[in-house]
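Notes to accompany the following structure.
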Amino acid sequence: MASVAQEPASREPGGPEGPAQERRALPGWRAVGARLLALREGSIIVIAIVTAIYFSVNTSNFFTGENLETLLPYFAPFAILAAGEVFVMILGEIDLSIAGLYLFAPILFYKLNTSVGLSLVPAVIVALLACMAVGAINGVFVSVVGVNSFVVTLGMLFTFEGLSLIISKGTPVATPGGQPPLGTFGKVFGGGTYSELIWAVAIVVILQIVLMFSRWGVYTVAIGSNKLGASEAGVRVNLVMIRNYMLCSLTAGLVGVFEAVRSATVQPNPAGPNEILFLAVAAAVIGGTLLTGGSGTVVGALIGALFLGILKDGLILQGVQATYLLFYTGLAVIVAMTANVFVGRVRRGQTGGG
Amino acid sequence: MAAEGAQAPQPGQAPPPEPVVPVASAPDDVLRVEHIAKRFGPVTALRDVNLHLRKGEVLGLLGDNGAGKSTLIKIISGFQKQDAGRMFVRGQPYEPKSVDDARAKGVDTVYQDLALIDELSVYHNLFLRRERVLRPLPLLNNREMKREARRALDEIGINIPRIDVSVARLSGGQRQAIAVARTVNSDADIILLDEPLAAMGAKEGAQILDLVARLKAEGRVSIIMILHNYVQVFQACDRVSMIQDGTIVLDKPTAETSVEELTKIVVDEYRRARLAAQG
Ligand SMILES: Nc1ncnc2c1ncn2[C@@H]1O[C@H](COP(=O)(O)OP(=O)(O)OP(=O)(O)O)[C@@H](O)[C@H]1O
Ligand SMILES: [Mg+2]
């Protein structure tokens with residue numbers, strides 16, 4: 001066990017150095033590296049590729065179709081959650097309540113379907129609208145009332161995890177539409193093998209376009225960068241902030257339903273959602289979104305989630321015991337973030353000079 | 001002056017009755033501001049301000065640091081709401097509900113803090129809140145914004161080598177030029193400039209004043225400009241108004257006043273305040 005424990009740890013300091021040495025040796029690599037580092041997502045792309053290469057060299061079956069299917073649920077849900085979270089983090093705020101809504105949405109969906117009698121699609125839509133309403137309340141508290149976002153959304157997190165426990169009476173519920181054999185609904189909403197991947201890619205692409213090429217995106221960056229200036233220029237700060245919180249809550253509810261359908265049951269236990277919340281925030285931060293606001297990327301969050309997925313999957317393939325997984329994930333997040341800081345410095349140096 | 005010093009309100013005594021400040025006006029006013037008051041908690045920023053702006057004129061707004069100049073500008077620009085008083089634009093009651101609303105009524109502003117977004121590019125800043133969109137898609141027409149930004153900045157003549165870099169990388173003077181360009185480039189016909197020359201070198205300052213002179217010659221816009229440098233005031237302004245103690249203490253065409261008179265008002269006030277403070 002000791003040897004298994006040491007191996008990945010000894011790899012990690014070498015990880016980020018790998019491409020640097022290659023760049024020194026090959027002039028072609030240097031140009032590619034420079035282009036890559038000029039991107040905000042550059043460092044996480046490099047880190048994710050290096051990690052994937054490491055696991056494909058050190059395990060026999062990393063790049064197999066079968067393993068790819070195992071990998072998907074390790075990152076697609078986080079990518080969607082992180083995409084929504086990025087819109088809040090660019091504002092310089094945080095949304096912790098996504099874990100609460102992740103749990104609450106499928107339980108509300110269950111209740112609407114079984115007790116109220118709504119059919120599957122309307123029940124999902126109403127559940128998601130309820131999530132967006134919670135997001136709007138978060139947004140109003142943060143922007144209009146001016147309460148610290150960490151505090152407001154932490155309160156909402158507890159409230160909705162608690163509400164989920166109350167509604168479900170603490171017992172697991174069978175997800176409607178998630179029971180085998182899966183119908184169209186189940187296949188589209190998370191049950192199909194590639195369902196979450198397709199949703200994740202579609203959501204990330206759309207939100208990245210919104211962020212970079214729409215007024216909404218420009219105003220989001222403006223508020224995170226200079227809130228007073230943005231409002232002096234006429235940006236409706238409160239409206240944009242409320243809207244971003246609604247988006248973030250929507251992605252949380254959506255992923256909650258997907259995961260409930262995929263696993264056929266909802267476990268009303270806050271531990272799982274809480275871990276997912278932290279991984280989603282980690283994916284966004286590793287991907288290059290600043291916790292301080294003003295800057296962020298949805299695509300980076302997707303790659304950050306992919307990195308975390310590759311890491312978990314690779315460690316399992318290597319035969320690392322389940323008890324060690326969290327420990328290594330923690331170390332890897334620290335290493336990845338440190339690499340990010342260094343790459344960020346290189347990037348600023350480069351662009352500042354050129 | 002000694003008598004005035006003795007008049008300063010003593011603690012516990014009722015303050016002397018306020019003199020009624022006459023409302024200044026002219027027949028061709030585009031903007032009129034009457035009896036504006038604004039407090040921030042215990043601080044009275046504006047007590048009773050009357051101001052008017054004639055069509056095509058450049059009005060210099062003077063006053064010490066903290067006199068309330070920026071506060072007055074923010075009230076006119078729709079960013080803050082006055083506690084009391086009324087405003088009129090082209091004779092119509094003017095109650096801007098927001099900066100956008102003021103802009104729709106033809107009032108646009110360069111704030112003292114410039115309201116630039118460091119993380120956004122020069123052209124995104126220039127078009128902030130007036131973005132060009134690829135209709136019918138709700139996507140930004142970056143190419144058109146870049147082209148128009150280039151043209152607008154060249155017109156002003158300030159050297160901004162690249163417009164696709166973030167404004168965080170620009171010098172203080174360049175940033176100020178972009179803020180001025182943003183406002184001048186709007187459709188506004190009442191333009192408020194809060195210390196537009198503060199961070200500028202002599203050459204860039206002259207360029208902005210040339211721009212103001214050009215706008216004035218075109219006769220379309222009327223301008224209120226806050227300045228601290230009296231040489232620039234006499235160079236650029238048709239008329240000056242000075243705020244002191246939350247009210248306008250001087251309102252004269254520049255031709256009828258002098259650097260000496262303006263300086264004397266400021267120095268007298270300073271002496272009076274010091275005497276009052278000594279009791
Ligand atoms: N948002 C605010 N909250 C509290 N006090 C304020 C606020 N804005 C302005 N003040 C106060 O109002 C007074 C007038 O401020 P203002 O910024 O209008 O002065 P100014 O004439 O523009 O000064 P300067 O020449 O230094 O720019 C000051 O005492 C200031 O401290
Ligand atoms: Mg000021």
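The values are calculated or read from the model by the stated rules, or taken from the named source; none is laboratory data. Computed from a predicted model, the values in this text were never measured in an experiment. Positions of Cβ are backbone-derived with ideal geometry, glycine not excepted, and every protein chain shown enters the neighbour counts. These area figures cover heavy atoms from the full protein model, side chains too; ligands, DNA and RNA do not enter into them. Shrake-Rupley method; radii C 1.70, N 1.55, O 1.52, S 1.80 Å.
Could you pull out every residue, at least 5 positions away or on a different chain, whose amide H is within less than 5 Å of the one on residue B:240? Hs are placed 1.01 Å off N in the peptide plane, and Pro or chain starts have none.
Residues meeting the amide H criterion: B:60, B:252, B:254.
Identify the trypsin sites (Lys or Arg not before Pro) of segment A:128-216 meeting these criteria: DSSP loop state and at most 13 other C-beta atoms within 10 Å of the C-beta.
Of the trypsin sites (Lys or Arg not before Pro), the ones in loops of segment A:128-216 whose Cβ has at most 13 other Cβ atoms within 10 Å are A:169.
Run the helix sum for the protein assembly as shown: -39,500 (n - 2.57) per DSSP H stretch of 4+ residues, divided by residue count, reported at 222 nm to the nearest 500 deg cm²/dmol. If you can, show how the numbers build up before the last one.
Working: 24 runs with 358 residues, N = 633.
-18500 deg cm²/dmol, from helical runs alone.
Please compute the net charge surrounding residue B:198, taking Lys and Arg as +1 and Asp and Glu as -1 over other residues with Cβ under 13 Å from its Cβ. Provide the component values of the computation, followed by the final result.
Details: positive: B:69, B:175; negative: B:113, B:194, B:195, B:204.
Summing Lys/Arg as +1 and Asp/Glu as -1 gives -2.
Based on the alpha-carbon gyration tensor of the protein assembly as shown and its eigenvalue square roots a ≥ b ≥ c, which shape applies: rounded if a/c is under 1.5, prolate if not and a/b is larger than b/c, or oblate? Present the calculation step by step, with values, prior to reporting the outcome.
Working: a/c = 2.59, a/b = 1.95, b/c = 1.33.
Prolate.
Quick test of the membrane-span-like rule: which DSSP H helices of chain A reach at least 18 Å along their long axis (C-alpha atoms) with mean Kyte hydropathy at least 1.6? It would help to have the intermediate numbers written out before the result.
On the way: long enough: A:2-14 (19 Å, -0.82); A:42-58 (24 Å, 2.00); A:65-89 (35 Å, 1.02); A:98-111 (19 Å, 1.51); A:120-139 (28 Å, 2.23); A:149-168 (28 Å, 1.74); A:195-213 (27 Å, 2.41); A:237-263 (39 Å, 1.09); A:271-286 (22 Å, 1.74); A:298-317 (28 Å, 2.10); A:322-353 (47 Å, 0.74).
Passing helices, by number: A:42-58, A:120-139, A:149-168, A:195-213, A:271-286, A:298-317.
Using a 1.4 Å probe on the protein chains only, how many percent of the accessible area of segment A:75-337 belongs to carbon and sulfur?
Details: 6940 of 9490 Å².
Percent of accessible area from carbon and sulfur atoms in segment A:75-337: 73.
Can you spot the lysines whose alpha carbon is less than 27 Å from residue A:169's alpha carbon? Ignore those fewer than 8 places along the same chain.
Qualifying lysines at Cα under 27 Å: A:111.
Using a 1.4 Å probe on the heavy atoms of the protein chains only, list every residue of segment A:200-218 that has 40 Å² or more less accessible area in the complete assembly than in its chain alone.
Residues meeting the cut-off: A:213, A:215, A:218.
Kindly identify segment B:29-251 as rounded, prolate or oblate by the Cα gyration tensor criterion: order the square roots of the eigenvalues as a ≥ b ≥ c, call it rounded if a/c is under 1.5, otherwise compare a/b with b/c, prolate if a/b is larger, else oblate. Please list the in-between numbers first.
Working: a/c = 1.77, a/b = 1.45, b/c = 1.22.
Prolate.
Expressed as an acute angle from 0 to 90° and rounded to the nearest 10, what is the orientation of the C-alpha long axis of helix B:259-278 relative to the principal long axis of chain B?
60
GNM on chain B, C-alpha springs below 10 Å: top fluctuator among B:31, B:51, B:134?
B:134
So, counting K/R as plus one and D/E as minus one, what does the shell of residues with Cβ under 14 Å around residue A:204 add up to?
-3
Mind checking which aspartates and glutamates have their C-alpha under 14 Å from residue B:74, skipping anything on the same chain fewer than 8 residues away?
In chain and number order, the partners are A:232, B:83, B:95, B:100, B:101, B:108, B:113, B:194, B:195.
At the nearest 100 Å², what buried accessible area, both sides summed, do you get for B and A when the probe is 1.4 Å?
Values: alone 14450 and 16020 Å², together 28490 Å².
Interface area, both chains combined: 2000 Å², rounded to the nearest 100.
Can you pull out the trypsin sites (Lys or Arg not before Pro) in segment B:131-205 whose DSSP state is coil and whose Cβ has at most 13 other Cβ atoms within 10 Å?
Passing sites in segment B:131-205 are B:162.
Among bridges DSSP assigns within segment B:29-251, what percent are antiparallel (round to 5)? Walk me through the numbers before you get to the answer.
On the way: 21 of 40 bridges.
That works out to approximately 50 percent antiparallel.
Compute the Cα gyration tensor for segment A:75-337, then decide on rounded, prolate or oblate, letting a ≥ b ≥ c be the square roots of its eigenvalues: rounded whenever a/c is under 1.5, prolate when a/b is larger than b/c in the other cases, and oblate in all that remain. Walk me through the numbers before you get to the answer.
Values: a/c = 1.68, a/b = 1.22, b/c = 1.37.
Since a/c reaches 1.5 but b/c is at least a/b, the shape of segment A:75-337 is classed as oblate.
Kindly identify residues of segment A:229-276 having a loss of at least 50 Å² in accessible area between the isolated chain and the assembly of all protein chains, probe radius 1.4 Å.
At a threshold of 50 Å² (probe 1.4 Å), the residues of segment A:229-276 that become less exposed are A:232, A:233.
Of the heavy-atom accessible surface of segment B:29-251 (probe 1.4 angstrom), what whole percent is carbon and sulfur?
49
Test of understanding: in a Gaussian network model of chain A with alpha carbons linked when under 10 Å, which of A:203, A:310, A:334 would top the mean-square fluctuation ranking?
Taking springs between Cα atoms under 10 Å, the residue moving most is A:334.
Over the whole of B:112-125, what's the average partner chain Cβ count within 10 Å per residue? Rounded to a whole number, please. Numbers along the way, then the final one.
Working: counts 1, 4, 4, 10, 7, 14, 7, 12, 8, 1, 0, 0, 3, 4.
Going residue by residue through B:112-125 and averaging, the value is 5.
At 1.4 Å probe size, with every protein chain present, just tell me what the per residue accessible area of chain B comes to in Å².
Details: 13480 Å² over 279 residues.
That works out to 48 Å² per residue.
Write out the chymotrypsin sites (Phe, Trp or Tyr not before Pro) in segment A:56-139 meeting two conditions: DSSP loop, and at most 14 other Cβ atoms within 10 Å of their Cβ. Kindly include the intermediate steps, with their values, before the conclusion.
On the way: sites: A:62, A:63, A:74, A:75, A:78, A:87, A:102, A:104, A:109, A:110; in loops: A:62, A:63.
Passing sites in segment A:56-139 are A:63.
Which whole number gives the average count of other chain Cβ atoms within 10 Å of the Cβ atoms across peptide B:127-133? Walk me through the numbers before you get to the answer.
On the way: counts 2, 10, 9, 2, 4, 0, 3.
Mean partner-chain Cβ count within 10 Å for B:127-133: 4.
Which lysines does residue B:55 reach when only Cα atoms under 18 Å apart count, and residues fewer than 8 places away in its own chain are ignored?
Straight-line reach from residue B:55, under 18 Å: B:105, B:216, B:252.
I'd like the residues of segment B:134-176 whose 1.4 Å-probe accessible area shrinks by no less than 40 Å² going from the isolated chain to the full set of protein chains.
In segment B:134-176, residues shielded by partner chains: B:139, B:140, B:169.
For residue A:96, what charge total do you get from the other residues with a beta carbon under 12 Å from its beta carbon, if Lys and Arg give +1 and Asp and Glu give -1?
Numbers: positive: none; negative: A:85, A:93, A:95, A:161.
Charge balance near residue A:96 sits at -4.
Which whole number gives the average count of other chain Cβ atoms within 10 Å of the Cβ atoms across peptide B:71-82? Please report the intermediate quantities before stating the final value.
Details: counts 0, 0, 0, 1, 0, 0, 2, 2, 5, 0, 0, 0.
The mean count of partner-chain Cβ atoms within 10 Å per residue comes to 1.
Send over a whole-number figure in Å² for the accessible area per residue of segment A:75-337, probe 1.4 Å.
36
Sorted by average packing, counted as other Cβ atoms within 10 angstrom per residue and highest first, what order do A:43-50, B:258-265 take?
Details: A:43-50: 22.8, B:258-265: 13.0.
Result, highest mean Cβ count within 10 Å first: A:43-50, B:258-265.
Alpha carbon centre of segment B:48-125 versus segment A:223-287: separation in Å?
A separation of 37 Å, based on Cα centres.
Given B:38/B:264; B:81/B:203; B:203/B:264, which pairs have Cα atoms separated by over 32 Å?
Details: B:38/B:264 27 Å; B:81/B:203 37 Å; B:203/B:264 29 Å.
Result: B:81/B:203 exceed 32 Å.
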